[in-house]
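Colleague: The structure's right below; bear with me while I get my questions together.
Every number here is computed from the coordinates shown, using simple stated rules; none is lab data. Predicted model only: the values in this text are computed from it and were never measured. When we count neighbours, we look across all protein chains shown, and the Cβ atoms used for this are built from the backbone with ideal geometry, even at glycine.
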Amino acid sequence: MNITRSIEPVWSCTDAARFLRLHPKTVKRLARLGQIPGRRVGRRWFFRPSDLDAMLRGSIDSSAKATNVAPQLSPESQEEKKIDAANSQHVSKRLD
């Protein structure tokens, strides 16, 4: 019986950055922090396309993962929402 296995390709940091539409240094930093899946061998980082794809698909369903990857896109904190609401009420009272 001859069983053939296909080996998944491995991407370099540059390939992963192109796929994620991020700068390679950002990809390295996120991998080092454990926010994206990757493996370091010596001084080089490697990424499995299936892991990156699964992470992106999972981040659609989970805002927590999306916040880890792109904190600048995270929802406002409750305190910021309260301040914005108070400011808009103050402005609308002044306009009346």
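Colleague: Testing the spin-label approximation: label points 7 Å from Cα along Cα→Cβ at Val41 and Glu8. State their distance in nm.
Modeller: If labels sit at Val41 and Glu8, their model points lie 1.5 nm apart.
Colleague: Please give the length that would be gained between Arg57 and Thr26 if that part of the chain were fully extended, namely 0.36 nm times their separation in residues minus their C-alpha to C-alpha distance (nm, one decimal).
Modeller: Values: separation 31, 0.36 × 31 = 11.16 nm, distance 1.96 nm.
Stretched fully, the Arg57-Thr26 segment lengthens by 9.2 nm.
Colleague: Rounded to whole Hz and in sequence order, give me ³J(HN,Hα) for region 19-36 from the Karplus expression 6.51 cos²θ - 1.76 cosθ + 1.60, θ = phi - 60°, writing x for Gly and Pro.
Modeller: Result, rounded to whole Hz: 5, 7, 6, 10, 6, x, 5, 5, 4, 4, 5, 5, 5, 4, 7, x, 8, 9.
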